[in-house]
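What follows is calculated from the coordinates using simple rules that are stated; it is not laboratory data. Predicted model, so just to flag it, every value in this text is computed and none were measured. So basically every Cβ, Gly included, is an ideal-geometry build from the backbone, and we count neighbours across all protein chains shown.
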């Protein structure tokens, strides 16, 4: 079976599941669900932990040594993991350091192959071996492309990630933590300069974002150094964060004032000049950057795009196959939307219905602070209700808490619509579901359910938090990831609640379809831009015509796909593969099939390439009496 035929079968499975999942056929999920705290603790199966083989224990210990060595090489990873070692430092972003990392990884692979016996390992350890090998091979394949990626984009890069990292990850629990924060400000200049050098090297190779990306990057950089202590305005984003964290310590006033003065000096003397150099780089490159949008324009751009597609999807599938799959899925979802039009009695074309959903005030929160506050409260309530229903769908639950947050003002103009931040592994920080509330017209009410389920539960929080909390699994697996698996699960999690009585409002179910349609259109526009050489405007026009999303949403999305080539394809391909595998399990197991057990198969060994997930599902089918 060709890749394209295989995915068209997957698409048919998705359509069948959606058609068979009638909300009216099941009672509202919350009506029969246990209390909320039932789903907040890890599942207790009542069984003892299996005894690991001696070779598994030895390999896991070695994996941990390698992981800890790599963590010791990354101050930012240490902070993310809740550690306070090298707390005033940033990562080394130089090409020499990156090359050293690569060589260490290849040496690790050679050591593993020479010193451990695969056949003597337990099943989970064999999976660890294969994933370690897979990651090392991807790293080797990627050496050709080390300078082909974008260092700075309007949506990410050290110019915006550095302040976000300080705000979200650098805890201040005592004076030494505050001094380390100031140290990080003082050390930010060299870190940003290394990234500037990386961007220059790529530019000289012929790799740059399109010319229109530079003004928003300049604005974001300027936002970081606007406000006190850079001018007489309100506190700048970093200063506001530092001031709030220091105030929470309750220090004597003179001690607090000295810390604030030291931070102000570091911001003025180091951070402002460094951002000035970044802005100068952007202004310089904007003068000669190409107006073409796809990476086909770069040296060997087509081959690089194929490398990215294979990495993001973890499958060998061509850009043209993805493009055709996208067109097929768009047509299928449009037909399902016409069914909802009939259900609500709407007369007119599908595009008329899209316009109605875009513009009717009943589907929008007010574009003011009251509307934003209401959105956050309603999103939190959706997640709370879903939490009560989880035991109907899952055996295993995350311990980490989940909090809904608004995207910070300094980055909301360039940040995505919504996204998930993992919790701190030590429990010191909850997970965050971020909603971008810059323009409430881009956050319609009918998409709220699907968005909360994708970014929160049963989506990313179920998958990523559970993965982080796995026991007896090497750390590189608990903190790694594969986009098609992770985002495929997120998109699958938008459909799953429909089978348990959610989306009872047809407009909300339309919102679910609109979100799925959005991901199907991504297959078309991402390959359109980077394979078929569409312009940004052609891609914008396709999304605007084929989805109900508002114009601002459409333009923001295309801006993302331009600078993250390949990534957008992972969602739909991952979802379709999970649904295909689930359909196989249901068909072969019959009455022995339990969706909660299937979800354990998917979730309880963490992220993996889709081909390996297929093997796990086949093993589960073979091991289940039926």
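Summary table
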quantity	calculated
Label-point separation, residue 587 to residue 355 (7 Å along Cα→Cβ), nm	4.3
Extension gain from residue 247 to residue 343, taking 0.36 nm per residue of separation minus the Cα-Cα distance	29.0 nm
The chain: relative contact order as a whole-number percent, Cα under 8 Å and 6+ apart	20
Translational diffusion coefficient (Stokes-Einstein; Kirkwood radius from C-alpha pairs) of segment 158-296 at 37 °C, 0.692 mPa s, in µm²/s	203
Three-way shape call for the chain based on the alpha-carbon gyration tensor, with the a/c threshold at 1.5	rounded
Theoretical FRET efficiency, 1/(1+(r/R0)^6), r = Cβ-Cβ of residue 335 and residue 133, R0 51 Å, to 0.05	0.75
Segment 464-583: relative contact order in percent, alpha carbon pairs under 8 Å with at least 6 residues between	39
Helix-only CD estimate at 222 nm, as mean residue ellipticity for the chain, using -39500 (n - 2.57) per DSSP H run (n ≥ 4)	-19000 deg cm²/dmol
Length released on extending from residue 143 to residue 169, taking residue separation times 0.36 nm less the Cα-Cα span	6.3 nm
Nearest-0.05 FRET efficiency for residue 504 and residue 123, computed from C-beta distance (R0 45 Å)	0.65
Segment 486-578: C-alpha gyration tensor shape, a/c 1.5 cut-off, then a/b vs b/c	oblate
Theoretical gain in end-to-end length, residue 219 to residue 419 [0.36 nm per residue, Cα-Cα removed]	69.8 nm
Cα centroid separation, segment 196-242 to segment 292-341 (Å)	31
Three-way shape call for segment 55-147 based on the alpha-carbon gyration tensor, with the a/c threshold at 1.5	oblate
